[in-house]
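Comments concern the structure below.
Throughout, read-outs are computed from the coordinates displayed, never taken from laboratory work. For clarity, every value in this text was computed on a predicted model and none was experimentally measured.
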Amino acid sequence: MDKAILIGLDLGTYNTEASLLELESIAVALNIEVVATFTQKLKMPNIKTYVGSGKIAEVKKAITFLKATMVIFDDELSPAQIRNLEEILDTQIIDRSFLILSIFTERAKTKSATLEVSLAQQKYLLPRLVGMRSSLSRQGGGSYNAKGPGETKLELDRRLIVRNIAKLEKAIKRLNRQKRTSRKARTISQIPIVSLVGYTNAGKSATLNSLIKLLNLQSNLVFEEDLLFATLDTTARKIVKKGYPAFVLTDTIGFLTRLPHAFINSFQSTLSEVANSDLILHIIDGTHQQKELHEQTTNEVLSELNCGEINTLKVYTRLDLIDKTKKRPGFWISNKTLENLNLLMELIYENTFGKELIAKLRVPYNKQKIVHTLNEQTRILDTKYENNYIEIDVRLFEKQINHFQDFIYRTINSTRKNTG
């Protein structure tokens with residue numbers, strides 16, 4: 001196992017301690033042991049070595065004493081800084097962006113995720129070519145056997161990388177066209193999209209699975225594990241509940257503090273599903289010490305994706321781990337005990353299909369398809385068979401009215417809530 005020393009710079013612009021803890025969790029997820037952490041308070045980074053000469057001397061001693069095989073910096077380093085630090089410290093130098101790229105590469109499984117990770121790698125590598133052939137070769141092929149950029153001399157050819165970027169962008173555009181076709185089909189059939197978003201490991205996949213279990217649809221369960229970036233792909237499940245209209249529930253890549261802008265650009269294909277949502281469920285780990293920071297980070301990414309106008313509900317997870325005798329703001333659920341999951345389902349329907357109404361419909365006997373749809377997508381309250389039509393009283397949602405408009409005889413407001 002590789003041993004790493006972490007270095008963070010306190011510039012007064014973010015919580016350095018929290019950021020380093022996050023960096024450590026990423027390193028551990030990549031099977032790297034963190035043996036020491038150093039911080040330094042400066043007004044601005046040292047242009048040559050990121051931190052000051054005194055701190056560099058301390059780190060050099062620690063490398064020898066602790067037998068560290070790499071030093072990981074909690075920021076994106078310039079090519080010159082990486083080169084200078086490798087010469088002085090005589091060890092592998094990794095920056096925050098490279099480490100994130102490494103875990104992205106490890107987690108990418110589908111064609112879409114693999115293409116997007118490859119694009120992010122190439123964009124990371126391109127500006128670091130000048131004067132960095134040896135450094136990048138070492139960065140990707142040193143003691144830490146990363147799958148990241150810089151593994152062969154061939155990859156260090158600028159023209160090849162430019163061609164690769166163009167090829168990857170073209171392939172991603174092709175996938176985007178396929179996704180747009182799929183979205184268009186959902187739009188025509190008026191199936192709304194509900195997207196789960198949030199910080200990595202906040203419980204998005206667990207929430208999706210909890211809702212699936214609630215409806216006894218276990219065959220549709222998604223991969224779920226307590227680790228960072230368990231999935232990089234958008235997973236979509238059609239939620240069909242007897243007596244209710246269908247909707248699509250999607251789970252996508254988790255967000256991270258100070259995720260480089262280039263990474264967000266590379267993952268536009270995956271994240272585009274969020275921008276096309278009818279409702280966003282912002283999933284937050286309610287027990288995490290940095291939950292406010294995680295919430296802020298997610299809001300910033302949503303803003304970058306131009307999702308500010310989409311209706312959003314905050315959902316705090318891990319209700320089973322908190323003291324219920326104390327007041328807690330916000331809406332909470334437990335994916336372990338399924339507490340409040342019925343209520344969450346109610347909120348989803350209310351925010352995607354509107355208020356509940358009771359409607360009286362008169363359906364001609366030759367329109368049995370409408371009767372079948374009513375049985376599947378609404379709750380039948382009463383049925384009477386008249387001479388020329390079937391009179392059916394149903395409980396349904398506002399946005400379903402248009403679908404049955406030709407057959408509605410009368411509607412009244414419903415004061416009753418959904419039963420989830």
From phi via Karplus (6.51, -1.76, 1.60), per-residue ³J(HN,Hα) for segment 162-175 in Hz, x at Gly/Pro = 4, 5, 4, 4, 4, 5, 5, 5, 5, 5, 5, 4, 5, 5
Hey, can you grab everything whose amide H is under 5 Å from the amide H of residue 334? Only 5+ residues off in sequence or another chain; H modelled, so Pro and N-termini drop out.
-> 319, 339, 341
Here the equivalent ellipsoid of segment 190-352, derived from its Cα gyration tensor, has semi-axes (largest first, whole Å) of 22, 20, 15
Between segment 258-332 and segment 357-384, the Cα center-to-center distance that results, in Å | 39
Mind listing the long-range amide H neighbours of residue 46? Cut-off is under 5 Å, sequence gap 5 or more, other chains count too, H placed in the peptide plane at 1.01 Å from N.
-> 51
Quick one: which residues, 5 or more positions from residue 409 or on another chain, have an amide H under 5 Å from its amide H? H modelled 1.01 Å from N in the peptide plane, none for Pro or chain starts.
-> 360, 361, 362
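Rounded, prolate or oblate: which fits segment 20-72 when a ≥ b ≥ c are the square roots of the eigenvalues of the alpha-carbon gyration tensor, with rounded for a/c under 1.5 and prolate only if a/b beats b/c?
Here segment 20-72 falls in the oblate category.
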³J(HN,Hα) across segment 55-60 via Karplus (A = 6.51, B = -1.76, C = 1.60, θ = phi - 60°), whole Hz, x for Gly/Pro?
-> 5, 4, 4, 4, 5, 4
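Between rounded, prolate and oblate, where does segment 354-413 land on the alpha carbon gyration tensor, with a ≥ b ≥ c its root eigenvalues, rounded for a/c under 1.5, else prolate if a/b exceeds b/c?
Note, shape of segment 354-413 comes out prolate.
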What relative contact order, as a whole-number percentage, does segment 293-420 give when Cα pairs under 8 Å and 6 or more residues apart are counted?
-> 24
Across segment 316-332, in residue order, what do the Karplus-derived ³J(HN,Hα) couplings come to in whole Hz, using 6.51 cos²θ - 1.76 cosθ + 1.60 with θ = phi - 60° and x for Gly and Pro?
-> 8, 9, 6, 4, 5, 9, 10, 6, 6, 7, 8, 5, 9, x, x, 9, 10
